[in-house]
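**Student:** The structure that follows is given in the form of structure tokens.
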Number of protein chains: 2
Amino acid sequence: MKAQDYPPAVLELIASLKRMPGVGSRGAERLALWFLQHGRNDACRLSAALTSAAQDISTCPECGFFTTAGERCTACDDPTRRADLFCVVEQPTDVLPIERCGTFRGLYHCLGGKISPLDGVMPEDLSVEKLLTRVRSAPGCEVILAVGSDVEGEATALYLAEQLAALNCTVTRIAQGMPAGAGLGHADPITLMRALEGRRGL
Amino acid sequence: MKAQDYPPAVLELIASLKRMPGVGSRGAERLALWFLQHGRNDACRLSAALTSAAQDISTCPECGFFTTAGERCTACDDPTRRADLFCVVEQPTDVLPIERCGTFRGLYHCLGGKISPLDGVMPEDLSVEKLLTRVRSAPGCEVILAVGSDVEGEATALYLAEQLAALNCTVTRIAQGMPAGAGLGHADPITLMRALEGRRGL
């Protein structure tokens, strides 16, 4: 007797869904059955969206953010943004969190990672040359280093500050300190140390 | 100034992923960015699997389990299975859990739901006629009612028992009692009551 199992197309769907981060065997099976029982239209829609995104989405030749292939992103294309203010982030995914806080009105620059010799990421693997070119063509600009506050982020910020020192620009770093709404009791010592170091007059 | 946002193809991918059960806005965005940054091949693979499953997967004309369109399922097609033993389940998704326990060697019958007037599911919405036809063509068979042990499951089992009473078959119900590995301290009163009622000599 052969054990009953799902047809090959269902097994392949389960295997494909399981590749997604955070989705295990049981979750993938549950999703596949949901698509078959309640979501055939959703399956077709997601299928088309995946193909379209995989084929059409590229990175902006200026800043490295996601954009439709062959086009510059909406920020780089926006003449009302300040062209003398650059916000340098690690990944394109870091752009929208800054955009959502609603106060930054300049341009972005996505490095594509952070310097991390242990992971084999060296400065030449990042979009540093392009950043220097952009800064050179905007004399007197400000470059805000909005990379992470972990060890690799700090190393990346230091490296960029050195590279930018010879150019006609101001280099700043986003503040480190207490996150909004947090009590002192839950802050770790390094955060508190940096919050004290960065204190401001009222 | 227009706020920077993802390109339309990415927004559509996020919206499509969010339709999946258990995936919220943040989870959908995280998955979409994963597909763009690390999983373009996986995106194409999942896209193809979704299309293929949505188009090719149908239900077995005999038992209602998933099968490739136009074919009977592997169980109904297997001559080594007992043709005089039917296991009646609510959904096609209930078949594999039984199959995995490895002791059932008969055929399945998926009702497509359970009687639930509050949800508008009446007996005529279920695959009952087909079940009666299958039982009639297998005189002396046994029909195991493996529907759920909730109120609607019990109502469905009672209804099926009535319908099957006039036919030449034995009707049984899977046992209710303590789940494997559970301590008495965690059992609810109804489960304990049924476990006591269903006690067996050693």
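The values are calculated or read from the model by the stated rules, or taken from the named source; none is laboratory data. No experiment lies behind these values; they were computed from the predicted model shown. Neighbour counts run over all protein chains shown; Cβ positions are idealised from the backbone, glycine included. Keep in mind that these areas ignore ligands, DNA and RNA; they rest on the heavy atoms of the full protein, side chains included. Shrake-Rupley method; radii C 1.70, N 1.55, O 1.52, S 1.80 Å.
**Student:** So which residues in segment B:163-196 are more than 23 Å from the chain's Cα centre (by Cα), under 30 Å from B:LEU132 (Cα atoms) and not aliphatic (A, V, I, L, M), if there are any at all? Can you show your working first?
**Tutor:** Applying the first criterion (more than 23 Å from the chain's Cα centre (by Cα)) to segment B:163-196 yields B:165-170, B:181-190, B:192-196.
Next cut, under 30 Å from B:LEU132 (Cα atoms) only: B:165-170, B:194.
Across segment B:163-196, the qualifying residues are B:ASN168, B:CYS169, B:THR170, B:ARG194.
**Student:** Ok, one more. Go through segment B:76-90 and count every residue that is touching a residue at least 60 places away in the same chain (Cβ under 8 Å) and not in a strand (DSSP E or B). First the steps, then the outcome.
**Tutor:** Here is the first cut: in segment B:76-90, the ones touching a residue at least 60 places away in the same chain (Cβ under 8 Å) are B:88, B:90.
If we keep only those that are not in a strand (DSSP E or B) as well, we get B:90.
The total comes to 1.
**Student:** Name the single residue, out of those in segment B:55-70 being assigned to a loop (DSSP other than H, G, I, E, B) and open to solvent by less than 10 Å² (accessible area, probe 1.4 Å), that is nearest to the other protein chains (Cβ to nearest Cβ).
**Tutor:** Filtering segment B:55-70 for residues assigned to a loop (DSSP other than H, G, I, E, B) gives B:60-65, B:69-70.
Keeping just the survivors that are open to solvent by less than 10 Å² (accessible area, probe 1.4 Å) gives B:60, B:63, B:65.
Details: B:CYS60: 10, B:CYS63: 9, B:PHE65: 7 Å.
So the residue we want is B:PHE65.
**Student:** For segment B:19-28, does any single residue satisfy the condition of being part of a helix (DSSP H, G or I), crowded, with 20+ Cβ neighbours inside 10 Å and either free of Cβ contacts under 8 Å to residues at least 60 places away in the same chain or in contact with a Leu (Cβ under 7 Å, 6 or more places away or on another chain) (or both)?
**Tutor:** Pass one, segment B:19-28, residues part of a helix (DSSP H, G or I): B:25-28.
Among the residues that remain, those that are also crowded, with 20+ Cβ neighbours inside 10 Å are: none.
Within segment B:19-28, none of the residues are part of a helix (DSSP H, G or I), crowded, with 20+ Cβ neighbours inside 10 Å and either free of Cβ contacts under 8 Å to residues at least 60 places away in the same chain or in contact with a Leu (Cβ under 7 Å, 6 or more places away or on another chain) (or both).
**Student:** To continue, here is another question. Show the residue pairs meeting these rules: Cβ distance below 8 Å; 6+ apart or different chains; first residue within segment A:163-186 and small (Gly, Ala, Ser); second residue at pLDDT 90 or above.
**Tutor:** A:ALA165/A:VAL171
**Student:** Let me ask something else about it. Can you tell me which residue is nearest to the other protein chains (Cβ to nearest Cβ) among those in segment B:80-99 that are open to solvent by 60 Å² or more (accessible area, probe 1.4 Å) and modelled with pLDDT of 90 or more?
**Tutor:** Among those that are open to solvent by 60 Å² or more (accessible area, probe 1.4 Å) and modelled with pLDDT of 90 or more, it is B:THR80.
**Student:** State all residues of segment B:100-122 that are open to solvent by 20 Å² or more (accessible area, probe 1.4 Å) and under 13 Å from the mean Cα position of the chain (by Cα); if no residue qualifies, say none.
**Tutor:** B:GLY112, B:LYS114
**Student:** May I ask you to verify whether A:GLY70 is in contact with a Ser or Thr (Cβ under 9 Å, 6 or more places away or on another chain) and on the phi > 0 side of the Ramachandran plot? Write out each step before concluding.
**Tutor:** Details: in contact with a Ser or Thr (Cβ under 9 Å, 6 or more places away or on another chain): yes; on the phi > 0 side of the Ramachandran plot: yes.
In short, yes.
**Student:** Please determine whether any residue of segment B:29-41 is outside any helix (DSSP H, G or I), of a type outside the set (S, T, N, Q), in contact (Cβ under 8 Å) with a residue 12 or more places away in the chain and touching a strand residue (DSSP E or B) at 6+ places or on another chain (Cβ under 7 Å).
**Tutor:** First, pick out the residues of segment B:29-41 that are outside any helix (DSSP H, G or I): B:38-39.
Next, from what is left, pick out any that are of a type outside the set (S, T, N, Q): B:38-39.
Pick out the ones that are also in contact (Cβ under 8 Å) with a residue 12 or more places away in the chain and you get none.
Looking through segment B:29-41, none of the residues is outside any helix (DSSP H, G or I), of a type outside the set (S, T, N, Q), in contact (Cβ under 8 Å) with a residue 12 or more places away in the chain and touching a strand residue (DSSP E or B) at 6+ places or on another chain (Cβ under 7 Å).
**Student:** Part of a loop (DSSP other than H, G, I, E, B), within 21 Å of A:GLN37 (Cβ to Cβ) and open to solvent by less than 20 Å² (accessible area, probe 1.4 Å): does that describe B:CYS73?
**Tutor:** Details: part of a loop (DSSP other than H, G, I, E, B): yes; within 21 Å of A:GLN37 (Cβ to Cβ): yes; open to solvent by less than 20 Å² (accessible area, probe 1.4 Å): yes.
Criteria met by B:CYS73.
**Student:** Let me ask something else about it. Look at B:ARG194 and say whether it is among the basic types (Lys, Arg) and surrounded by fewer than 18 Cβ atoms within 10 Å (Cβ to Cβ). Before you say what the answer is, go through the steps one by one.
**Tutor:** Values: among the basic types (Lys, Arg): yes; surrounded by fewer than 18 Cβ atoms within 10 Å (Cβ to Cβ): yes.
The answer is yes for B:ARG194.
Condition check ((1) open to solvent by 90 Å² or more (accessible area, probe 1.4 Å); (2) at pLDDT 90 or above; (3) touching a strand residue (DSSP E or B) at 6+ places or on another chain (Cβ under 9 Å)) across all residues:
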site: A:LEU126; (1), (2), (3): no, yes, no
site: A:ALA157; (1), (2), (3): no, yes, yes
site: A:ALA180; (1), (2), (3): yes, no, no
site: A:LEU184; (1), (2), (3): yes, no, no
